[in-house]
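The values are calculated or read from the model by the stated rules, or taken from the named source; none is laboratory data. A quick note: this is a predicted structure, and the numbers were derived from the prediction, not measured. Heads up, the Cβs are rebuilt from the backbone with ideal geometry, glycines too, and the neighbour counts pull from every protein chain shown. The area values use the complete protein model at the heavy-atom level, side chains included, leaving out ligands, DNA and RNA. Shrake-Rupley method; radii C 1.70, N 1.55, O 1.52, S 1.80 Å.
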Amino acid sequence: MSTPDDLARDRASAQALLEDWIANDALRRHCRAVEIAMRAYAAECGEDVDAWGVVGLLHDFDWERHPTLEQHPSAGEPVLAQLGYPDWFRRAILSHANHTGVARETALEHHLFACDELAGFIHACALMRPDKLVGMEPKSVKKKLKDKRFAANVSREDITDGADEIGRPLDDHIAFMIAALTPHAAELGL
């Protein structure tokens, strides 16, 4: 018999849920990028790679149906509960958004927050480069961070706060994310 913790590690079920709830390929790629980054950080931290990856994959699963801060990710949490995802899993997803008021306490929660906005920003930066992710360096990402018009919807504060929360210098966090995402560039449209 399957337990909630088993479901939290079941990538096939998570992928099916994601595909059922998200039609937009760009949003699917974003969720996959966060999954990749979370798996890499879990491996580095000695944490559960599958659980961290599935949390990353599903962190924005409800965004297409509930695309406002008032709804996301709060409206998706009861769906995950009904499906049998454990409390710690749902709490991590709620905590990735500051507006929910769910304080980040665990390494999983801090890393999800740290990976979310930066994954999207790195993707936007890569789209502007001829070689996409190949050869991308933190200094070029940081230069784009200073341009408030570039990817204007990405919170620069969340990116810097995320690096602080996981105890990494921003340059190291950016380099880690680029290194994690680069082997998956084709899958991510990069």
**OP:** Among the residues of segment 139-190, count how many are open to solvent by 60 Å² or more (accessible area, probe 1.4 Å) and small (Gly, Ala, Ser).
**Re:** 4
Original post:
How many of the residues making up segment 16-42 are touching a Lys or Arg at 6+ places or on another chain (Cβ under 9 Å), farther than 17 Å from residue 119 by Cα and either open to solvent by 60 Å² or more (accessible area, probe 1.4 Å) or assigned to a helix (DSSP H, G or I) (or both)?
Top reply: 3
Original post:
Here are some conditions: (1) touching a residue at least 40 places away in the same chain (Cβ under 8 Å); (2) assigned to a helix (DSSP H, G or I); (3) under 17 Å from residue 41 (Cα atoms). Residue 109 meets all but one. Which one does it not meet?
Top reply: (1)
Original post:
Out of (1) at pLDDT below 95; (2) open to solvent by 70 Å² or more (accessible area, probe 1.4 Å), the odd one out for residue 87 is which?
Top reply: (1)
Subject >> Flag for residue 134 being without any contact (Cβ under 8 Å) to a residue 60 or more places away in the chain, part of a loop (DSSP other than H, G, I, E, B) and surrounded by fewer than 15 Cβ atoms within 10 Å (Cβ to Cβ) >> reply: yes
Subject >> residue 90 in a helix (DSSP H, G or I) and touching a residue at least 60 places away in the same chain (Cβ under 8 Å) >> reply: no
**OP:** Would you please name the residue that is nearest to the chain's Cα centre (by Cα), looking only at residues in segment 2-15 that are in a helix (DSSP H, G or I) and small (Gly, Ala, Ser)?
**Re:** 14
Original post:
Filtering segment 1-15 down to residues that are in contact with a helix residue (DSSP H, G or I) (Cβ under 9 Å, 6 or more places away or on another chain) and among the hydrophobic types (A, V, I, L, M, F, W, C), which residue is most open to solvent (accessible area, probe 1.4 Å)?
Top reply: 7
